[in-house]
1. Can you tell me which residue in the stretch A:19-46 is farthest from the other protein chains (Cβ to nearest Cβ), limited to those that are open to solvent by less than 20 Å² (accessible area, probe 1.4 Å) and over 12 Å from the mean Cα position of the chain (by Cα)?
2. When the residues of the stretch B:92-106 are narrowed to those that are hydrophobic (A, V, I, L, M, F, W, C) and assigned to a helix (DSSP H, G or I), which ends up most open to solvent (accessible area, probe 1.4 Å)?
3. Among the numbered criteria (1) modelled with pLDDT of 90 or more; (2) touching a Lys or Arg at 6+ places or on another chain (Cβ under 7 Å); (3) away from DNA strand D (no atom under 12 Å from the Cβ), which one does residue B:120 miss?
4. Suppose the filter is under 16 Å from the mean Cα position of the chain (by Cα), modelled with pLDDT of 95 or more and more than 14 Å from chain A (Cβ to nearest Cβ); does residue B:79 pass it?
5. Name the pairs whose Cβ atoms lie under 8 Å apart, with the first residue in the stretch B:51-70 and in contact (Cβ under 8 Å) with a residue 60 or more places away in the chain, the second surrounded by fewer than 16 Cβ atoms within 10 Å (Cβ to Cβ), and 6 or more positions between them or separate chains?
Number of protein chains: 2
Amino acid sequence: MDRVGLAVDVVRRMAHVTAALRHRQGSAFAELGLTPAAARALRELDPDHPLPARDLAGQLGCDRSNVTVLVDKLEQAGLVERRTDPTDRRQKTLVVTGEGRVVRARVIEVMSDSRLLSGLSDEELSTLRDLVWKVSDGGCPESLGPE
Amino acid sequence: MDRVGLAVDVVRRMAHVTAALRHRQGSAFAELGLTPAAARALRELDPDHPLPARDLAGQLGCDRSNVTVLVDKLEQAGLVERRTDPTDRRQKTLVVTGEGRVVRARVIEVMSDSRLLSGLSDEELSTLRDLVWKVSDGGCPESLGPE
DNA sequence: TATTGTTATACTCTATAACTATA
DNA sequence: TATAGTTATAGAGTATAACAATA
């Protein structure tokens with residue numbers, strides 16, 4: 001198979017795998033009362049290093065307006081708090097609550113339960129990590145994230 | 001990093017890469033008058049081997065009802081034709097038209113333009129293909145696709 | 001003027017359930 | 001009864017544009 005064929009194959013299979021993972025994890029998140037996107041947002045929020053909504057949008061690779069909706073849900077569920085930044089009153093800092101920490105730990109647990117990757121040896125997994133990292137990092141960085 | 005950490009990392013990065021690809025290819029598909037899902041459906045239809053809608057749903061890993069909508073669009077655009085199977089009048093065979101072949105070739109071209117993978121050598125790409133294939137194939141096959 | 005967050009809106013994707021026509 | 005395709009509907013994700021408050 002030529003290089004183009006390989007590339008197409010890789011892309012299609014990766015999409016397949018991520019779709020399958022999303023599907024499986026979606027059920028687990030639902031049991032936590034979270035949508036997949038909300039769970040991902042909670043995962044990105046480091047309890048020890050609160051950050052403004054703008055940065056979360058950057059980390060999630062989506063628009064700020066979406067973050068507003070996601071944080072609405074997380075705040076309603078009592079998992080996150082909005083605090084106006086005293087140094088720049090335009091910004092709102094996102095703080096993970098005590099209960100938020102608990103749920104976030106469970107979210108990470110679900111994300112770690114990657115039975116889909118159980119067919120790989122430690123060495124293969126490590127190699128895969130390096131390659132995927134190289135792709136997502138060096139390939140075409142300017143294209144990662146929204147316009 | 002431990003095995004769990006590696007797995008989480010792999011999953012997140014893969015999702016990142018596929019999201020970036022989807023984003024970029026989405027623009028190209030829009031210029032062809034296709035949504036990403038419609039483009040993927042057209043890609044799956046082999047012009048030389050027409051198949052029933054049910055099988056397309058299987059290949060796309062989605063529900064039959066979605067195929068109806070996607071084929072509606074493709075048919076309206078004159079790229080695909082529905083033909084009732086004479087041997088089983090419940091089935092409708094999906095046939096790619098002459099224009100459909102042209103657009104499909106362009107779709108494949110777009111999917112092949114994987115600049116995101118340009119950072120990898122031929123050998124790395126080949127290794128990545130094998131690993132991703134192994135994951136999507138052997139890991140947990142029963143979970144690939146819809147319920 | 002530029003930026004943060006918000007709101008309103010719209011489009012895409014996808015699943016479920018009920019329907020039909022065939023088998 | 002069971003299956004193929006359709007229709008209607010709903011939920012989730014995400015982008016755009018306009019807006020208020022703040023810088």
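The values are calculated or read from the model by the stated rules, or taken from the named source; none is laboratory data. Quick caveat, the model's predicted, so the values are computed rather than measured. A quick note on method: Cβ atoms are made from the backbone with ideal geometry, for glycine too, and the neighbour counts reach across all protein chains shown. In case anyone asks, the SASA skips ligands and DNA or RNA and just uses the protein heavy atoms, side chains included. Shrake-Rupley method; radii C 1.70, N 1.55, O 1.52, S 1.80 Å.
1. A:34
2. Applying the filter and picking the extreme gives B:102.
3. (1)
4. no
5. B:61/B:146; B:62/B:146; B:63/B:146
Residue by residue, here is whether (1) part of a helix (DSSP H, G or I); (2) within 30 Å of residue B:122 (Cα to Cα) holds:
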position	(1), (2)
A:1	no, yes
A:4	yes, yes
A:9	yes, yes
A:15	yes, yes
A:43	yes, no
A:55	yes, no
A:68	yes, no
A:89	no, no
